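Below is one structure; the comments refer to it alone.
The values are calculated or read from the model by the stated rules, or taken from the named source; none is laboratory data. Everything quoted here is computed from the prediction, not taken from an experiment. Note: ideal-geometry Cβ built from the backbone for every residue, glycine included; neighbour counts use all protein chains shown.
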Amino acid sequence: MQNRTFRIVDGERIEGTWRHVFIHNWTYHLTDLLIYADGAIWCWEWVDLDGLRTKLAQGWIATEIPPGARASAHDLASWVFDEPRVWIDPDDFVVQVADEIDRLNGRPDSTDRCLRVLDRYLAGRSDEDRRALATAYLAIPAMDRRYALGDMDAKDWPLRVLCTPVGDEAVGAPESPDRFGIVTEDMRRWAFDYFAEQDRSRAEYADRREPDDPPGPSAGPVNLEAVVYPKGWPDDPGVLVLRNEYPAEIEFGGVRHPTVTHAYWSLSTGDPDAAERIRTAERPYEARKIAEKAVRRPEWSDMRLGVMSALLRAKFAQHHDLAGILIATGDAPIHYSDPGSVYWHARGERGRNWVGRLLELVRGELVAERAGLALR
């Protein structure tokens, strides 16, 4: 589902989607039909599926547009139709909207329901299940049936063949007299072989591993939460030594900094006095507060990622014990908490987690260097 929207009802987020339609109100207007998981549909007023059928029956949602009709898209353009062709079938359109509601709720839509009957038929091959398959196939909107198998070469032809008894014309409207016609035994054998091959291909794909994948499943994420220790860091802070404010002195550019945090904020300003005050601040928190009042270097936001990566490389190159702790995290994702910055922080959908991602990069470089690969 590519088009996503939502609305808030009594504090609850209701997921939604939309699709383009022409409505007929004196002239024709291109607009969006909004569809929500609770079954509400916005078509210039709130309706449900029954209301949608009424709108279609009234011609409010256009299923036919005559040549010469005037149309517009609000604030975009207006035009006159020459040879309009409308793809909406009113009954199928209602099913398509119902399918959208099902998908928004994580339920099987008409295509999914058909494929479930197909699995049952392939397993037992009873005539009762074949008839049920034909019914389920025809319940898919006609314009969606060709996509049911996700195969743009065979399209839905194998499905149509299995829906049809030998000697009958294939279920569904024929598209090419040369290809579609009376179903034979050979056609049905071909269709059964087609689905057997599809099953084999899916099984092979499910078991396939890329040649550079890890041998086993990745470990769970390492969460580097922001923690304040009023009495100083404990003797064994565990993986929190990977945090930027951990007191691991680093030398960078010929200058020694108490932590990565001190170094980052000191380098962020071009004012030498402010940079020195930041560098010599008692704690990382004070270093950041001083930096907030200093003037940033020009284009700092464009260079900050490169600076942070260089500082992290320096930290772990100069502290082998900390490098060992980073390496010990294996291939686990690293989620870094920095409440003051969406850029550095792993905060829901908005957080970009750049510190965590850089730590993963440095970890990979350290492992490669220990293996004897010279990356630089």
Tally of residues being assigned to a loop (DSSP other than H, G, I, E, B) and out of contact with any Asp or Glu (no Cβ under 6 Å at 6 or more places or on another chain) across region 336-363: 14
Selection count, region 103-132, where residues are in contact with an Asp or Glu (Cβ under 6 Å, 6 or more places away or on another chain) and under 15 Å from Tyr147 (Cβ atoms): 3
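Is one or more of the residues making up region 28-39 in contact with a His (Cβ under 8 Å, 6 or more places away or on another chain), free of Cβ contacts under 8 Å to residues at least 24 places away in the same chain and in a strand (DSSP E or B)?
Yes, there is a match, as at least one residue in region 28-39 is in contact with a His (Cβ under 8 Å, 6 or more places away or on another chain), free of Cβ contacts under 8 Å to residues at least 24 places away in the same chain and in a strand (DSSP E or B).
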Residue count for region 277-331, restricted to those that are more than 34 Å from the chain's Cα centre (by Cα) and under 22 Å from Trp354 (Cβ atoms): 18
Test set (1) closer than 19 Å to Phe6 by Cα; (2) out of contact with any strand residue (DSSP E or B) (no Cβ under 9 Å at 6 or more places or on another chain) - Ala40 fails condition number: (2)
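Quick grid of which residues meet (1) in the same structural domain as Leu326 (by TED's automatic domain parsing); (2) within 30 Å of Leu312 (Cβ to Cβ); (3) not aliphatic (A, V, I, L, M):
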| position | (1), (2), (3) |
| --- | --- |
| Trp190 | no, no, yes |
| Gln198 | no, no, yes |
| Glu210 | no, yes, yes |
| Ala226 | yes, yes, no |
Conditions (1) over 19 Å from Ala310 (Cα atoms); (2) of a type outside the set (Ser, Thr, Tyr); (3) in contact with a strand residue (DSSP E or B) (Cβ under 6 Å, 6 or more places away or on another chain); (4) assigned to a helix (DSSP H, G or I); number of the one not met by Asn223: (4)
Criterion (in contact with a Ser or Thr (Cβ under 8 Å, 6 or more places away or on another chain) and under 19 Å from Val355 (Cα atoms)) met by exactly one of Leu240, Leu224: Leu224
From Leu358, Leu305, Leu311, residue being surrounded by 13 or more Cβ atoms within 10 Å (Cβ to Cβ), in contact (Cβ under 8 Å) with a residue 60 or more places away in the chain and aliphatic (A, V, I, L, M): Leu311
Only listed residue being more than 29 Å from the chain's Cα centre (by Cα) and either of a type outside the set (Ser, Thr, Tyr) or not assigned by TED's automatic domain parsing to the domain that holds Ile88 (or both), chosen from Gly124, Gly150: Gly124
From the options Asp109, Asp92, Asp119, residue that is in contact (Cβ under 8 Å) with a residue 24 or more places away in the chain and among the charged types (D, E, K, R): Asp92
Filter result (closer than 14 Å to Leu104 by Cβ and either out of contact with any Leu (no Cβ under 7 Å at 6 or more places or on another chain) or touching a residue at least 60 places away in the same chain (Cβ under 8 Å) (or both)) within region 13-25: Arg13, Ile14, Glu15, Gly16, Thr17, Arg19
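Yes or no, residue by residue, for (1) among the aromatic types (Phe, Trp, Tyr); (2) assigned by TED's automatic domain parsing to the domain that holds Tyr343; (3) closer than 20 Å to Tyr343 by Cβ:
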| residue | (1), (2), (3) |
| --- | --- |
| Gly216 | no, no, no |
| Asn244 | no, yes, yes |
| Glu249 | no, yes, no |
| Tyr264 | yes, yes, yes |
| Gly270 | no, yes, no |
| Ala275 | no, yes, no |
| Glu299 | no, yes, yes |
| Ala310 | no, yes, yes |
| Ala323 | no, yes, no |
Residue list for region 49-98, filter: within 25 Å of Tyr137 (Cα to Cα) and of a type in the set (D, E, K, R): Asp50, Arg53, Asp89, Asp91, Asp92
Members of region 231-290 found to be surrounded by 13 or more Cβ atoms within 10 Å (Cβ to Cβ), part of a helix (DSSP H, G or I) and among the hydroxyl-bearing types (Ser, Thr, Tyr), listed by number: Thr261, Tyr264, Ser266
